[in-house]
1. For the range 310-335, give me the residue count where each residue is in contact with a helix residue (DSSP H, G or I) (Cβ under 7 Å, 6 or more places away or on another chain) and either of a type in the set (G, A, S) or surrounded by fewer than 13 Cβ atoms within 10 Å (Cβ to Cβ) (or both).
2. List pairs: first residue in the range 174-190 and surrounded by 17 or more Cβ atoms within 10 Å (Cβ to Cβ), second residue among the aromatic types (F, W, Y) anywhere in the structure, Cβ distance under 7 angstrom, at least six positions apart or on different chains.
3. Quick one: in the range 243-295, which of the residues that are under 20 Å from P169 (Cβ atoms) and among the aromatic types (F, W, Y) is farthest from ligand 2 (Cβ to nearest atom)?
4. Look at V195 and say whether it is within 16 Å of ligand 2 (Cβ to nearest atom), closer than 19 Å to A299 by Cβ and modelled with pLDDT of 95 or more.
5. If I go through the range 85-107 residue by residue, how many of them are crowded, with 16+ Cβ neighbours inside 10 Å and free of Cβ contacts under 8 Å to residues at least 24 places away in the same chain?
6. Inside the range 85-118, can you point out the residues that are assigned to a strand (DSSP E or B) and away from ligand 2 (no atom under 16 Å from the Cβ)?
7. Does L247 qualify as being closer than 28 Å to L323 by Cα and under 23 Å from the mean Cα position of the chain (by Cα)?
8. Can you spot a residue in the range 339-355 that is in contact with an Asp or Glu (Cβ under 6 Å, 6 or more places away or on another chain), within 15 Å of N39 (Cα to Cα) and within 12 Å of ligand 1 (Cβ to nearest atom)?
Amino acid sequence: MLFSGDNKSYPLGIDISDYSIKMVELEKSGSDIRIQCMNKISLPSGVIEEGEIKDEKRAVDFLHSLIEKPFFGKVNSDRVVACLPESRSFVKLIEISSGFGNLSEAIEAEIEKHIPFSSQEIYIDWQEIEKKNNKHLILVGVAPKKIVDQYYNLFTKANLSVEALEIEPLAIVRSVLEEEDPNYKTSLGKNYIVVDLGYAHTNVFVYSKNTILFTFSVPVSGKKITRTIAEKLDIKELEADKMKKKLTEKSKYYKEVKNILDDYYKQLDQKLGRVLEFYYENFSDRGRIEGLVLLGGGAHLKNLKNSITSLPPSVDIVKGNPLLHISLTEKSEALLKKNDKLIYSTAVGLALSGIFKKEL
Ligand SMILES: Nc1ncnc2c1ncn2[C@@H]1O[C@H](COP(=O)(O)OP(=O)(O)OP(=O)(O)O)[C@@H](O)[C@H]1O
Ligand SMILES: [Mg+2]
């Protein structure tokens, strides 16, 4: 048997992207939250594309190998909290007037205005954030039934039972923001822009005092940058990816690669400027944006931080810490020195959902 499947364990957090699958299981020791196990495997192209499972059989095999031999610890649970692909799901804060009668029906009608699906084709989940001046502020998560069913079936076929499928920004903020700790005083909460620079997408979202307000997608991604370098320099993508990751002023094609990066940084910077404008137009009563948190493998890109000029200097730009709520042992600390923790924010956040929920 692969798992002990006991009730004391917390569900695995599994983050599936087109490029990799990451897994984190957490445990509790007194009030400390510790890493029980951790693993990551790369996916070849053709298994998951744009979040759709294209080759279920191979995806099941990859899930099995992910679970069998973690690079740290041992899997203890057969339950999973996973996330839905960012490109296929979204989360948004909407306003509903109190006089509307049935709240669920009002939310459904409002959400249909924002998406190219009918209400029969989607799952909607929502929670009320606050009620003010005869208006309900509702955080709504939406995902197409087709995608939810694909992910549910995939885990079931891998003998894992799905405890929840979440929308990614909710998992990300849970791991990196102190406001998400159940013991945090929300009245102190700050306002942040969070940027997750992944392989296939860059997602930008605004988090304010314990809730996500809105998300934006930016057409800049690790894959695009690597491909542009490969095409412009006429080299293999593998080599281009290495060049991107190890760029220094002494690198052979430094100038060429720097110009490519600068073009993408400009696109990201412009979008961040628009995000800030949108925030102040719609949510200025929540106060100023205080921080920008960078996450994902792309957060390591050379000079990225200095290229962000569209935000006022008062915004503190930092790399996020996905292990903010985790206590490291000597062993797990040594291991994480060798691994990139910036890419684990989603998996850690998913794994934390069981722990934070049980504490409430
Ligand atoms: N040191 C580095 N410098 C620049 N880019 C890097 C570095 N390390 C990793 N990357 C890039 O980060 C990307 C992978 O990041 P990440 O693991 O966060 O993506 P993902 O979660 O698999 O994808 P997505 O979130 O888009 O679904 C790759 O494109 C890789 O080239
Ligand atoms: Mg990711």
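The values are calculated or read from the model by the stated rules, or taken from the named source; none is laboratory data. Computed from a predicted model, the values in this text were never measured in an experiment. Please note: Cβ atoms are built from the backbone with ideal geometry, for glycine as well, and neighbour counts cover all protein chains shown.
1. Count: 2.
2. R174/F356; L177/Y192; L177/Y207
3. My answer is F283.
4. So V195 fits the description; yes.
5. Matching residues across the range 85-107 total 1.
6. Applying the first criterion (assigned to a strand (DSSP E or B)) to the range 85-118 yields 90-97.
K92, L93, I94, E95, I96, S97 - these are the residues of the range 85-118 that are assigned to a strand (DSSP E or B) and away from ligand 2 (no atom under 16 Å from the Cβ).
7. Values: closer than 28 Å to L323 by Cα: yes; under 23 Å from the mean Cα position of the chain (by Cα): no.
Against the criterion (closer than 28 Å to L323 by Cα and under 23 Å from the mean Cα position of the chain (by Cα)), L247 does not qualify.
8. Within the range 339-355, one or more residues are in contact with an Asp or Glu (Cβ under 6 Å, 6 or more places away or on another chain), within 15 Å of N39 (Cα to Cα) and within 12 Å of ligand 1 (Cβ to nearest atom).
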